[in-house]
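This report refers to the structure that appears directly beneath it.
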Amino acid sequence: MKFQIKDIETEVFLGVEKLERSIKQKILISFSFDLDTSKSEVSDDIADTVDYFPIQEFIKNFPQEKEFNLLEKLHHDLLNELNKNFPDLRNTFLQIEKFPFVKGSVVISN
């Protein structure tokens, strides 16, 4: 089954210029993955599936104590840590949206 956790809002020190990194910027993070749910579909038991709240909390908290020059580095590090910390998830897909313009945004994903 495909799961999507969408538009998690968090803040991060992010940017090439020192001034840009001087205050935290809002970003939106979405994460999707596949998981075998055949057991939980029958049992109706959380122990047989994934609890997505810890995943959401991990995504929200990961960038808050770090600083990144590039969105690409944030994406790379976060995706690697998600894959390491939640090894049962398959076909992981991460999207990060940054708002550096007065109107508009930049979105990167794998």
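Rundown of residues vs (1) modelled with pLDDT under 95; (2) in contact with a helix residue (DSSP H, G or I) (Cβ under 8 Å, 6 or more places away or on another chain); (3) over 29 Å from Val16 (Cβ atoms); (4) not hydrophobic (A, V, I, L, M, F, W, C), yes/no style:
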{"residue": "Ile46", "(1), (2), (3), (4)": "yes, yes, yes, no"}
{"residue": "Tyr52", "(1), (2), (3), (4)": "yes, no, yes, yes"}
{"residue": "Ile55", "(1), (2), (3), (4)": "no, yes, yes, no"}
{"residue": "Leu79", "(1), (2), (3), (4)": "no, no, no, no"}
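Selection over region 50-99 of residues that are loosely packed, with under 14 Cβ neighbours inside 10 Å, touching a residue at least 12 places away in the same chain (Cβ under 8 Å) and either among the small types (Gly, Ala, Ser) or assigned to a loop (DSSP other than H, G, I, E, B) (or both) gives a count of 4.
Among the residues of this structure, Asp7 counts as one that is within 20 Å of Ser109 (Cα to Cα), surrounded by fewer than 13 Cβ atoms within 10 Å (Cβ to Cβ) and free of Cβ contacts under 8 Å to residues at least 24 places away in the same chain.
Quick one: is Ser30 surrounded by 15 or more Cβ atoms within 10 Å (Cβ to Cβ) and more than 20 Å from His76 (Cβ to Cβ)? Spelling it out, it is not the case that Ser30 is surrounded by 15 or more Cβ atoms within 10 Å (Cβ to Cβ) and more than 20 Å from His76 (Cβ to Cβ). If you go through region 100-110 and keep only what is assigned to a strand (DSSP E or B) and either touching a Pro at 6+ places or on another chain (Cβ under 7 Å) or without any contact (Cβ under 8 Å) to a residue 12 or more places away in the chain (or both), you end up with just Val106.
So is Glu17 modelled with pLDDT under 90 and either out of contact with any strand residue (DSSP E or B) (no Cβ under 7 Å at 6 or more places or on another chain) or not in a helix (DSSP H, G or I) (or both) or not? Yes.
The values are calculated or read from the model by the stated rules, or taken from the named source; none is laboratory data. These numbers were taken from a predicted model, which means no experiment stands behind them. So basically every Cβ, Gly included, is an ideal-geometry build from the backbone, and we count neighbours across all protein chains shown.
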